[in-house]
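Worksheet for the structure shown next.
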Amino acid sequence: SLVQTVDQAYGEYEPTRAARAISDFVQEHLSNWYVRLCRRRFWKSAYGHDKIAAYQTLYQCLETVALLSAPVAPFYMDQLYRDLTSIARSEAPSSVHLALFPVADSALIDQALEQKMELAQKLCSLTLSIRQKEKIKVRQPLQRLMVPVQNDADRARIEAIADLVKAEVNVKELVMVTDEDGILVKQIKANFKTLGPKFGQDMKAIAAAIASMDASGISHIEKHGTFDLDLGNKTITISEEDVLIAAQDIEGWLVASEGGQTVALDITLNQDLVAEGITREMVNRIQNLRKDSGLAVTDNIVVRILKDGIVEMAINANLAYLMNETLAKEVIFEDQMADGTLIAFDDVQTQISIQLSR
């Protein structure tokens, strides 16, 4: 856990290591993952159990971060701690430097859950890297994401996080495939960085033997972590770290691999997907305009949009989604507008205006 890692780093007089661990947790896990994924929980109008739990978890994280960071950022963390506790915990010590350092509670550590979240983050990262490389915006929905699985345990882990991954990378379906399906063709080659120091003069023969491994051999090393390689005059055992495995791109799909995990993304667009992508872009523009206009996120609005031959068809196909996301009571398409905000992206060029719904 973070508490254990930071406590150990301080105990070994390694404040830099402690600070980096805290920074990684706050940026990658708390801010970029938990807070972003919980936005809808925070925004709920009803102050129910789920909303309270979301805020309490965030509070606990921030207070713990303040306590852990106090030795390396004494003034800022004291301010953060007092801002938090003055409202929520009147009985707390008056300063972070008078509070007890956190103690890790191993009973609260759910390793299975952490592994699932790490897998979800890895799948999302790989998929988003494909989008970024191909310049396909995340707001543009895609149809399918393909993920290879080695066994039933892999399948169960991915099934548990499938909805989360689909929402994060904006795909409609997550398809799991096995080597037996023969859809993803994998390539393997020697990792000279690890094999060189181990085997030296045998490297040429080893590299050739690895390159000639068939699908069953690649599957074996992925499942079991090792493989017995026949060099003719002797047999050696290589491990998963001794090879580099990657899947080939297949027609209509793009593949990314890292650390033994592979994803394949279907980048084919049809009319429905394009229309939904346009609608999502318009939702973003409307919400930005709401913010610039000083309207609250809970205010109901009336939206007026200038027809451009494309935007109205896309929005009409996804009208319920747009109205729900923007809290629009009415969407009106105009033939002419004199006071709208200009909006231009891809093939769309239109204007929008919003006003408070009466």
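The values are calculated or read from the model by the stated rules, or taken from the named source; none is laboratory data. Please read all numbers here as calculations on a predicted model, not as lab measurements. Please note: Cβ atoms are built from the backbone with ideal geometry, for glycine as well, and neighbour counts cover all protein chains shown. Quick note on the areas: whole protein, heavy atoms, side chains included, nothing else; ligands and nucleic acids left out. Shrake-Rupley method; radii C 1.70, N 1.55, O 1.52, S 1.80 Å.
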Residue pairs within 8 Å by beta carbon, gap of at least six or interchain, first lying in region 119-135 and more than 9 Å from Ile161 (Cβ to Cβ), second polar (S, T, N, Q) and open to solvent by 40 Å² or more (accessible area, probe 1.4 Å), listed first then second, are Leu126/Ser257
Just wondering, is there one or more residues in region 226-239 that are within 29 Å of Ser129 (Cα to Cα), surrounded by fewer than 17 Cβ atoms within 10 Å (Cβ to Cβ), at pLDDT below 85 and among the acidic types (Asp, Glu)? no
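Residues are listed down the side, and each one gets a yes or a no for (1) assigned to a helix (DSSP H, G or I); (2) out of contact with any His (no Cβ under 9 Å at 6 or more places or on another chain); (3) not hydrophobic (A, V, I, L, M, F, W, C):
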{"residue": "Lys51", "(1), (2), (3)": "yes, yes, yes"}
{"residue": "Leu62", "(1), (2), (3)": "yes, yes, no"}
{"residue": "Ile87", "(1), (2), (3)": "yes, yes, no"}
{"residue": "Glu91", "(1), (2), (3)": "no, yes, yes"}
{"residue": "Glu118", "(1), (2), (3)": "yes, yes, yes"}
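Any residue at all in region 258-268 that's touching a Ser or Thr at 6+ places or on another chain (Cβ under 9 Å) and either open to solvent by 30 Å² or more (accessible area, probe 1.4 Å) or more than 20 Å from Lys172 (Cβ to Cβ) (or both)? Talk me through it step by step, then tell me what you get.
At the first step, the residues of region 258-268 found to be touching a Ser or Thr at 6+ places or on another chain (Cβ under 9 Å) are 258, 263, 265.
Okay, now just the ones that are also either open to solvent by 30 Å² or more (accessible area, probe 1.4 Å) or more than 20 Å from Lys172 (Cβ to Cβ) (or both), so 258.
Yes, region 258-268 has at least one match.
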I'm checking my understanding of the structure. Among residues of region 246-257 that are aliphatic (A, V, I, L, M) and surrounded by fewer than 19 Cβ atoms within 10 Å (Cβ to Cβ), which one is nearest to Tyr321 (Cα to Cα)? Leu254
For Ser31, are the conditions met, namely being without any contact (Cβ under 8 Å) to a residue 60 or more places away in the chain and open to solvent by 40 Å² or more (accessible area, probe 1.4 Å)? yes
Give region 335-348 a look and list any residue that's farther than 12 Å from Arg285 by Cβ, open to solvent by 50 Å² or more (accessible area, probe 1.4 Å) and touching a residue at least 12 places away in the same chain (Cβ under 8 Å), or say none. Asp335, Gln336, Asp339, Asp346, Asp347
Taking region 288-320 and keeping residues in contact (Cβ under 8 Å) with a residue 24 or more places away in the chain, open to solvent by 60 Å² or more (accessible area, probe 1.4 Å) and under 27 Å from the mean Cα position of the chain (by Cα) leaves Val297, Thr298
Could you grab the pairs with beta carbons closer than 8 Å, sequence gap of 6+ or different chains, first residue in region 217-238 and at positive phi, second one surrounded by 13 or more Cβ atoms within 10 Å (Cβ to Cβ) and part of a helix (DSSP H, G or I)? Gly225/Glu240; Gly232/Ala205
Looking at (1) in a strand (DSSP E or B); (2) in contact with a Leu (Cβ under 7 Å, 6 or more places away or on another chain); (3) aliphatic (A, V, I, L, M), find the lone condition where Met203 falls short. (1)
Scanning region 175-212 residue by residue, those closer than 14 Å to Ala247 by Cα and buried (at least 18 other Cβ atoms within 10 Å of the Cβ) turn out to be Asp179, Leu184, Lys186, Ile188
Quick check on my filter: what residues within region 136-159 are open to solvent by 50 Å² or more (accessible area, probe 1.4 Å) and touching a residue at least 24 places away in the same chain (Cβ under 8 Å)? Lys137, Val138, Arg139, Arg144, Asn151, Arg157
Using the structure shown, decide if Glu118 is under 24 Å from Cys61 (Cβ atoms) and open to solvent by 70 Å² or more (accessible area, probe 1.4 Å). yes
Filter region 75-96 for residues that are more than 15 Å from Leu58 (Cα to Cα) and either surrounded by 16 or more Cβ atoms within 10 Å (Cβ to Cβ) or in contact with a strand residue (DSSP E or B) (Cβ under 9 Å, 6 or more places away or on another chain) (or both); which is modelled with the lowest pLDDT? Ala92
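So, of the residues in region 34-72 that are among the aliphatic types (A, V, I, L, M), touching a residue at least 40 places away in the same chain (Cβ under 8 Å) and out of contact with any Ser or Thr (no Cβ under 9 Å at 6 or more places or on another chain), which turns out to be farthest from Ser86 (Cα to Cα)?
Leu37
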